[in-house]
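The values are calculated or read from the model by the stated rules, or taken from the named source; none is laboratory data. Here the structure is a predicted model, which means the values were calculated and not measured. In this analysis, Cβ positions are derived from the backbone assuming ideal geometry, glycine residues included, and neighbour counts consider all displayed protein chains.
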Amino acid sequence: MPASTENMVKVFGRPESLNEVQFSYCPGCHHGVITRIIAQTIDDLGIRDRTVLIAPVGCSVSMYQWFRCDGTQAAHGRACAVATGIKRVNPNLIVFTYQGDGDLAAIGTAESIHAANRGENITVIFINNQIYGMTGGQMAPTTLLGQWATSCPAGRDSGLTGYPLRFAEMVAQLDAPVYVTRQSLYDQKRIMATSRAVMKAFRYQIEGKGYSLVEVLTNCPTNWKMSPVEANRRLAEVVIETFPLGDLVDRG
Amino acid sequence: MAEAAIRGGCRAYFGYPITPQNELLEYMSAHMSKAGGVFIQAESEVAAINMCYGAAAAGVRTMTSSSSPGISLKLEGISYLAGADLPCVVVNVVRGGPGLGNIAPAQGDYFQATKGGGHGDYRMIVLGPATIPESVELVMLAFELADKYRGPVMVLADGMLGQMMEPVVLPDPVDPATLPAKTWALTGARGREPNIVTSFYLDPGELSAVDVKRQGRYRQIEEREVRYEEYQTADATVIIAAYGSVARIARTVIKMARSDGIKLGLLRPITLWPFPYAPLRALADRVDAILTVEMNAGQMLEDVRLAVAERTETPFYGELGGLVPSPRDILREVKRYAR
């Protein structure tokens, strides 16, 4: 017999900043977690009605359909240039980009680095899952050495394709960024730390302090060919060896 | 053109240096902030056009400028602007090509400008000024048309116009505050449902509906916005079809031809898209030849032939590599068809 919901109290709900729609992410993927963290942050800061999001090309391409704020979609890699255009003509808006490793650190390297170097007052959420998700698991600039991908079937070979690109470290050596951090989502403690980092990045933007980058190490169970539990273990035990967690810059 | 843009209500310019249009970028760097606008020298032409995408999405009149190789880089962004129905003005001061080519005047980008260039089924209004006063007029018009039909508009000049000085009376400035509100713009979803600016429609039915609607606007543009100039065509037996700088040279040729007793006239398309097919067709029925003259290997020629549909002779004379055709050489060609 189904339980009655009559006397139940709602203690946990969807953030106000999200529409009542289903995300298109795969089961066990961290995208959903970080998407929710951003929405909760927008709620907590009361900025839904002045936030503009820039969706990337990739698994989050239709992100603007999930958020209850103004949004657009940028050409592959160009989100930071689009964000620059929006923010400069209307500095009252809170502008954030949400980009994967291929988008931000391969095809969009120039736009991403130069927006950071100009100190654009925007927030960049960088999802580093070390693979191209939407296109079916090809090698990313962040793919670990030896890692299998559909376009490096023998594993990533540094002699052929170089090394995993540490984008946060690249941005951290610039003078302009106010906040550069690398976080992850493989356990509750990391999820809470990521929430705090996202909150700080948005708060700095509201305060007019400048450019923030929150790199988030995430999984991709589908293309890593792992269960979510195995994928989380890999993040915690293997991936963080190449991509150490923590704040790299905090000039706030 | 830079001052005309500011007077046309442009409040966001993004560019990257490339000869022969650096003066435009430099003028903007000095004057845009005085007008209360935004200027950024971007890291690339790609970044510049995408900054335009952002500014346009936020509801501000915006422009970028470049020259041929730089425009090739901007085509991705132009396609996205068209796909997301965003108004933006793009100035192309055309130079010799392909590849790095050279920095001399040329018209080799006609196909790229008028036939697509970027991916997808889009059209772009293309305006071809022949003088500096007309450049001013057409840059201001470009902003009006971009807003009216919600898409990118290109001003297709060439290296000669880019390096020329002529006296000009500047029109009164447009106050951006008096322009119609862009209710679709990304201004923050305060007291309204969120606005979305996108060119992405995964569902073929949905994308088709958006595309069909946009094509409807293109048909309206073709009906309403064709602009051209006829010069001494009333009694002409031979017509030169030319645009931009070449049309100026054609006027000299007409003077020379008429003193030799040849009734020569000029049809000068001002909108290269939409192209003035109908007026050309009308002329074709009563002249012996329409000689297309371009600084390329024959690009507008294809539109002239489409218009004329073999009703008359359609020869071509062109110079390549950044060379400018001389009046004497054009006259020699005219004489082959003048009876």
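Among the residues of segment A:91-102, is there at least one that is more than 9 Å from chain B (Cβ to nearest Cβ), closer than 26 Å to A:ASN232 by Cβ, of a type outside the set (A, V, I, L, M, F, W, C) and in a helix (DSSP H, G or I)? The answer is yes; a qualifying residue exists.
Whether any residue in segment B:6-18 is at positive phi and either within 14 Å of chain A (Cβ to nearest Cβ) or surrounded by fewer than 24 Cβ atoms within 10 Å (Cβ to Cβ) (or both) is what I want to check. Scanning segment B:6-18 turns up at least one residue that is at positive phi and either within 14 Å of chain A (Cβ to nearest Cβ) or surrounded by fewer than 24 Cβ atoms within 10 Å (Cβ to Cβ) (or both). When you go through B:VAL136, B:VAL226 one by one, which is the residue that is surrounded by 13 or more Cβ atoms within 10 Å (Cβ to Cβ), of a type outside the set (Ser, Thr, Tyr) and in contact with a strand residue (DSSP E or B) (Cβ under 6 Å, 6 or more places away or on another chain)? Of B:VAL136, B:VAL226, the one residue that is surrounded by 13 or more Cβ atoms within 10 Å (Cβ to Cβ), of a type outside the set (Ser, Thr, Tyr) and in contact with a strand residue (DSSP E or B) (Cβ under 6 Å, 6 or more places away or on another chain) is B:VAL226. What is the residue count in segment B:160-214 for residues that are in a loop (DSSP other than H, G, I, E, B), surrounded by 10 or more Cβ atoms within 10 Å (Cβ to Cβ) and of a type in the set (S, T, N, Q)? Residues that pass the stated criteria total 5.
Where in segment B:17-133 are there helices (runs of 4 or more DSSP H), lying fully within it, with 1 or more residues that are of a type in the set (D, E, K, R)?
Numbers: elements: B:22-31, B:45-57, B:68-83, B:110-114.
Output list reads B:22-31, B:45-57, B:68-83.
A:ASP44 passes all but one of (1) surrounded by fewer than 18 Cβ atoms within 10 Å (Cβ to Cβ); (2) within 14 Å of chain B (Cβ to nearest Cβ); (3) at pLDDT 95 or above; which number fails? So the condition that A:ASP44 fails would be (2). Residue count for segment B:54-83 under the criterion of being closer than 13 Å to B:ALA146 by Cβ and not polar (S, T, N, Q): the result is 9. For A:PHE67, only one of the following conditions fails: (1) more than 12 Å from every other protein chain (Cβ to nearest Cβ); (2) touching a Lys or Arg at 6+ places or on another chain (Cβ under 9 Å); (3) surrounded by 24 or more Cβ atoms within 10 Å (Cβ to Cβ). What is its number? For A:PHE67, the failing item is (1). Selection of strands (runs of 3 or more DSSP E) fully inside segment B:256-339 by the criterion of at least 3 residues being surrounded by 16 or more Cβ atoms within 10 Å (Cβ to Cβ), of a type outside the set (Asp, Glu) and within 21 Å of the chain's Cα centre (by Cα) returns B:264-269, B:271-273. Can you give me the ranges of the helices (runs of 4 or more DSSP H) entirely in segment A:105-210 with at least 2 residues that are in contact with a helix residue (DSSP H, G or I) (Cβ under 7 Å, 6 or more places away or on another chain)? Passing ranges, in order: A:109-118, A:167-172, A:188-206.
Per the conditions (1) surrounded by fewer than 21 Cβ atoms within 10 Å (Cβ to Cβ); (2) under 27 Å from A:THR72 (Cα atoms); (3) among the hydrophobic types (A, V, I, L, M, F, W, C), the sole criterion not satisfied by B:PHE111 is (2).
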